[in-house]
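Working notes, beginning with the structure itself.
Computed from the coordinates by the stated procedures, all read-outs in this text should not be read as laboratory data. Being a predicted model, the structure only gives us computed values, none of them experimental. Every residue, glycine as well, gets a Cβ built from its backbone with ideal geometry; the counts of neighbours run over all protein chains shown.
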Amino acid sequence: MTNAPTVPPRAAELAAATPVDRDRYADLLRLFSIGMVVVGHWLVALLAMHGAGSVATSMPLMLSTWVWQVMALFFFVGGFAHARALRHRPPTGAFVRARLARLLPPVLVMLAVWTVLATLMHAAGLTTGQFEVGLQLITVPLWFIGVYLVIVLAAPAAMRLHLRFGLWRVLGALAAVVAVVDALRMVTGVPLVGFVNYLFVWPAVHQLGFGYADGTLLRGGRRLAGLLACGGLATAVLLVFGTSAYPVLMVGLPGNDASNSAPPNLALLAQGLFLVGVALLLRGAGTALVERPKAWLAVASGSSVIMTVFCWHLTACYLVQIVLLATGTRLPAADSPVWFAGLAVWLLACTPVCVGLVALFRRFERQAAALVRGSVRTPVVVAGTLVTAAGVFVVSQVGLDGLVTAQGLPAVVSLAAVVAGTMSLSATPGASDAHAAGLG
């Protein structure tokens, strides 16, 4: 007779306290998507250390980006969470402030710390070589925050469109706009035109989350999930390999920056549909997994610090890189068979450093009260969110190198916009409107 596996008290308590109607699989997808972002960025950082231009143009590595560029899943789950919150019909200002309260504090702390570090590095003359590259790249992942803030702001209106026209009409309209923007970019030859698609590709994936929340995607069963997966993949393949207009990479690599992500385009949207379809196909197995108390404890614990992990994972690999440089340690060449062993060691080394940084900064992820205390008029919330989003996005593009020089003026202005926009979202002490947003 075998003994039943023991469940830790904390895991059992958490499982018992979790609402019955909570979609734990959505939490798993959110955590998985950020986890893959972390691993992907650590992989790119390792390739950058080797100057791996030849490897970055190899077809197997380029195709691998179709699997580990999974930000679509985060936007998809975001749409689901927003739909659930909007069921309570909260005031727009209350809804937006409550959502931003979990997103912004870790970002603000990360930017504050790195602004100080960048200033000190300039004073010490550490502004060339890998130090310069590090200051350029440390803010790159924050493009996602800038775009996501705009999507949060637009979520109530997007939900109204969903309720009036349904998932497929809205999704089709967004996809059509994406295609038009792509065509304009190709005809005009102006790359900046493509940046408009940040406002259409990711909202389209976000709209799919509404369809998941109201059961539209689930009612289609495995047939619809398979159609999304196969149709999305087939469309991406046709666009990438059937035309010369779309690169193979879904995310840029060292030595090969051209990708479908910067700016996003129709091929990336198709890949997003593929990922959502696969996620729906795996929903049964994933749900069974997170029904286990130990697994749910791990997912819930990770989800509670997800923004802190996102903000500090690049810093973690920078610290490991500094140790390697200081000790003169050389890793296997990126085009050698033993490189994969080096990759495993690299990931293992970065992980505990990241855990330490998360332990140090995680308390800021729960600093929501300061942002949602009191009442702020909706026009002020809209303006503050847009200013913050613009500031975060621009600083993600310009980086922190040259911060104290004339070339650093865009970064300084962007950081000032982030501070000003965030301050406008807070208010004098009063009745909190966080509860009204349906987001405790």
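Label-to-label distance for ALA341 and ALA406 is 5.3 nm, based on points extended 7 Å past Cα in the beta-carbon direction.
Using the Karplus relation 6.51 cos²θ - 1.76 cosθ + 1.60 with θ = phi - 60°, the per-residue 3J(HN,Hα) values for region 349-359 come to 6, 6, 4, x, 5, 5, 4, x, 5, 5, 4 Hz, with x marking Gly and Pro. Ranking VAL323, THR351, ALA300 by how far each Cα lies toward the positive end of the dipole of the chain (charges on Cβ) leaves ALA300 at the top. Taking the chain as a Gaussian network of alpha-carbon nodes connected by springs under 10 Å, the highest mean-square fluctuation of the residues ALA229, ALA406, ALA416 belongs to ALA406.
On full extension, the segment bounded by VAL355 and LEU218 gains 45.7 nm, given 0.36 nm per residue less the C-alpha separation.
Count Lys and Arg as plus one, Asp and Glu as minus one, and take only other residues whose Cβ is under 15 Å from that of ALA225; the net charge is then +4. Per-residue ellipticity at 222 nm computed for the chain from its helices equals -23500 deg cm²/dmol, with DSSP H segments shorter than 4 residues left out and the rest contributing -39,500 (n - 2.57).
Where a ≥ b ≥ c are the square roots of the eigenvalues of the C-alpha gyration tensor, would you call region 79-119 rounded, which needs a/c under 1.5, or, failing that, prolate if a/b is larger than b/c, or oblate? Note, shape of region 79-119 comes out prolate.
Using a ≥ b ≥ c from the Cα gyration tensor of region 22-437 (square roots of the eigenvalues), is it rounded, prolate or oblate, where a/c under 1.5 gives rounded and otherwise the larger of a/b and b/c decides, a/b for prolate? Since a/c stays below 1.5, the shape of region 22-437 is classed as rounded.
So what is the relative contact order of the chain, in percent, for Cα pairs below 8 Å that sit 6 or more residues apart? Worked out over the chain, it gives 30 percent. What you get for the chain, charging only the Cβ of Lys and Arg (+1) and of Asp and Glu (-1), is a dipole of about 1300 debye around the Cα centre. Near ASN256, no amide H atom lies under 5 Å from its own; only residues 5 or more places off or on other chains count, and H is placed 1.01 Å from N. Only Cα pairs within less than 10 Å get springs; with that Gaussian network setup on the chain, which residue of PHE144, PHE95, PHE274 has the largest fluctuation? Sorting by GNM fluctuation, first place goes to PHE144. Projecting the Cα positions of THR127, LEU268, MET49 onto the charge dipole of the chain (unit charges on Cβ atoms of Lys, Arg, Asp and Glu, taken about the Cα centre) puts LEU268 furthest along the positive direction. Among PHE131, PHE393, the order by Cβ neighbours within 10 angstrom, fewest to most, reads PHE131, PHE393. Computed from point charges on the beta carbon alone (+1 for Lys and Arg, -1 for Asp and Glu), the dipole magnitude for region 107-237 about its Cα centre is near 620 Debye.
Annotation: extensible slack from LEU227 through MET186 equals 11.9 nm (criterion: 0.36 nm per residue apart, minus Cα-Cα distance). With θ taken as phi - 60° and the Karplus curve 6.51 cos²θ - 1.76 cosθ + 1.60 applied, the whole-hertz 3J(HN,Hα) list for region 190-197 is 9, x, 4, 4, x, 5, 4, 5 Hz, x standing for glycine and proline. Farthest toward the positive end of the dipole of the chain, out of VAL251, GLY35, LEU224, is the Cα of LEU224, where the dipole comes from beta carbon charges about the Cα centre.
Please give the FRET efficiency for GLU132 paired with THR287, using the beta carbon to beta carbon distance and R0 = 30 Å, rounded to the nearest 0.05. List each step's numbers first, then the result.
On the way: r = 46 Å, r/R0 = 1.55.
That gives a FRET efficiency of 0.05.
The 3J(HN,Hα) values that the Karplus relation (6.51, -1.76, 1.60; θ = phi - 60°) gives for region 125-134 are, in residue order, x, 8, 10, 10, x, 5, 5, 5, 4, x Hz. Gly and Pro appear as x. Each peptide among 102-111, 203-212, 180-189, 289-298 gets the average number of other Cβ atoms lying within 10 Å of its residues, and from highest to lowest they stand as 203-212, 102-111, 289-298, 180-189.
Pairs of alpha-carbon atoms within less than 8 angstrom and 6+ residues apart define the contacts here; what relative contact order does region 127-256 have, in percent?
Values: 50 pairs, mean separation 24.8, N = 130.
Reported relative contact order: 19 percent.
Within the listed set LEU360, LEU28, LEU46, the residue fluctuating most in the Gaussian network model of the chain (springs between alpha-carbon atoms under 10 angstrom) is LEU360.
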